[in-house]
Structure formats: structure tokens, C-alpha cells
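Chemist: The structure is given below, and queries will be raised subsequently.
The values are calculated or read from the model by the stated rules, or taken from the named source; none is laboratory data. Source: prediction; values computed, not measured. Glycine also receives a Cβ, built like all others from the backbone with ideal geometry; neighbour counts cover every protein chain displayed.
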């Protein structure tokens, strides 16, 4: 069964450092999502791509976060500089199209010291 | 108006019992209501979903009950098993704009043997 792949699974960094997360969606899925999940809360959408284009980044802190999906396949989410409050699980999901079921990857757990 | 309120925050049920988790929403533009199951260290996985044109959907031991007039929906897990112990999230998505999934805050379910 096809799965969404994410790496790394865990990342520990010091504040003010740069971090990057990678996501490989299920093959053929046009829509890709990055979510942030704070411990004890539900996932919150950071950015949504349709193919290589950003269609919703209204909740992305653009002063420090950036995301790209250059060829419309895999995607990278970057934080620079990281802050203590960025400690969370970062989840990637993909779907065939916007109205289809979202499939989540295992996430990257980030700890900022 | 984009919020989905979920209760209870945590739930303990004996093996064989019925687990019930409730959600409420305000935005009448929501037209898709999925439930996700998340085990520790994993991403959320779609469990069951409903659209507002039906009042109930059943898949195995899992049932969604939907009350459109009250803007509420609930997940019932019949014959709960220890393997059902996980965090459950309700969510909702609109049919216009970016069609973003909005998640509830989650319910941690523990099924005691």
C-alpha cells in the first residue's frame, strides 16, 4: 500500500538554527498539505499545494517558514530561524485532488531547545 | 466560525463497551465530516466519513451519527477493544474556496482490558 514518506522522523535543534523537513506524497497525488500538530491538539494546516502551486498559506508564518514543491511531487518545509514555540509534530498529507481523502505521513517531531 | 468543538477530551471505556465522541460545528458551508484515528508516533488515518445528506453511516464497529439541524455529529465505537485505544479527531471541510480540513482538538480513548 502506497504511503506518504517523511524525513527526518525526529529533529532536535537549537533556537535560531535552520531546519528542513521533506515529504514524498503518494504517487499521482496532486494535492499536498503541511500541517503542524501541537501536543494535545488537532493538526492545523500550514500550507496547501495543488501540483507545484501554493493555494493556501494563510496560516504559514511567512517571516520564518517557507515551503516549496518545485516539480509538483515532493516538498520541503523550512523554518529559519527556529523558535522554542515551533516545537511540534509536522505532518505531511496528500490527496488525489482537493476533495479527495487526505492520507497522512508519520510526521517529523521537532524539538527546539 | 471555522472551529470544530470536540468532547470529551479523554475517555475510558471497558472492553466490549460503547465509546461515544461528540463534535459540533458552526459553519453551515461544511459538507464533509471525517473522523481520523491517530496512534502514538503515527500520522492520523481516516477511519470513517459522512456527508450531510445522510443521518448515519456504519462501517463495521464504527458508526457516525449526524444531526444537521443541531450541527452536531458523533462517533460510536461498538464493542470497544484495547486495540482501539488511540486519539480520535473529528474534522470538517467546506465545499467552497480552498476546502481546508478543520480538525477538532482530539479525544484520547483508552479501552481497558
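Condition check ((1) part of a strand (DSSP E or B); (2) within 14 Å of chain B (Cβ to nearest Cβ); (3) in contact with a strand residue (DSSP E or B) (Cβ under 8 Å, 6 or more places away or on another chain)) across all residues:
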{"residue": "A:66", "(1), (2), (3)": "yes, no, yes"}
{"residue": "A:73", "(1), (2), (3)": "no, no, yes"}
{"residue": "A:77", "(1), (2), (3)": "yes, no, yes"}
{"residue": "A:81", "(1), (2), (3)": "no, no, no"}
{"residue": "A:98", "(1), (2), (3)": "no, yes, yes"}
{"residue": "A:101", "(1), (2), (3)": "no, yes, yes"}
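Chemist: Please work out which one of (1) more than 18 Å from residue B:100 (Cα to Cα); (2) more than 10 Å from every other protein chain (Cβ to nearest Cβ); (3) surrounded by 20 or more Cβ atoms within 10 Å (Cβ to Cβ) is the condition residue A:36 fails and give its number.
Modeler: (1)
Chemist: Test residue A:56 against the criterion of being touching a residue at least 24 places away in the same chain (Cβ under 8 Å) and either in contact with a strand residue (DSSP E or B) (Cβ under 7 Å, 6 or more places away or on another chain) or within 14 Å of another protein chain (Cβ to nearest Cβ) (or both), and give yes or no.
Modeler: No, not satisfied.
Chemist: Name the single residue, out of those in region A:83-96 being assigned to a loop (DSSP other than H, G, I, E, B) and under 20 Å from residue A:39 (Cα atoms), that is farthest from the chain's Cα centre (by Cα).
Modeler: Checking each candidate, the answer is A:83.
Chemist: Scanning for something surrounded by 21 or more Cβ atoms within 10 Å (Cβ to Cβ) and either more than 10 Å from chain B (Cβ to nearest Cβ) or in contact with a helix residue (DSSP H, G or I) (Cβ under 8 Å, 6 or more places away or on another chain) (or both), does region A:1-19 turn up at least one residue?
Modeler: no
Chemist: Another question about this same structure. Among the residues of region B:1-41, what is the count of those that are on the phi > 0 side of the Ramachandran plot and touching a residue at least 60 places away in the same chain (Cβ under 8 Å)?
Modeler: Residues flagged as on the phi > 0 side of the Ramachandran plot and touching a residue at least 60 places away in the same chain (Cβ under 8 Å) within region B:1-41 amount to 1.
Chemist: Being in a loop (DSSP other than H, G, I, E, B) and within 17 Å of residue A:54 (Cα to Cα) is the filter here; which residues of region A:12-39 pass it?
Modeler: Result: A:25, A:29, A:30.
Chemist: Further question: Can you tell which of B:93, B:108 is more than 10 Å from the chain's Cα centre (by Cα), under 19 Å from residue A:100 (Cβ atoms), within 14 Å of chain A (Cβ to nearest Cβ) and assigned to a strand (DSSP E or B)?
Modeler: Sole residue among the options that is more than 10 Å from the chain's Cα centre (by Cα), under 19 Å from residue A:100 (Cβ atoms), within 14 Å of chain A (Cβ to nearest Cβ) and assigned to a strand (DSSP E or B): B:93.
Chemist: Before we move on, is residue A:62 modelled with pLDDT of 95 or more, away from chain B (no Cβ under 14 Å) and over 30 Å from residue B:10 (Cβ atoms)? Spell out how you get there, then give the answer.
Modeler: Working: modelled with pLDDT of 95 or more: no; away from chain B (no Cβ under 14 Å): yes; over 30 Å from residue B:10 (Cβ atoms): yes.
It is false that residue A:62 is modelled with pLDDT of 95 or more, away from chain B (no Cβ under 14 Å) and over 30 Å from residue B:10 (Cβ atoms).
Chemist: Six or more apart or on different chains, Cβ atoms under 7 Å: show the pairs whose first residue is in region A:94-113 and free of Cβ contacts under 8 Å to residues at least 60 places away in the same chain and whose second is assigned to a strand (DSSP E or B) and surrounded by 14 or more Cβ atoms within 10 Å (Cβ to Cβ).
Modeler: If the second residue must be assigned to a strand (DSSP E or B) and surrounded by 14 or more Cβ atoms within 10 Å (Cβ to Cβ), the pairs left are A:101/A:95; A:101/B:46.
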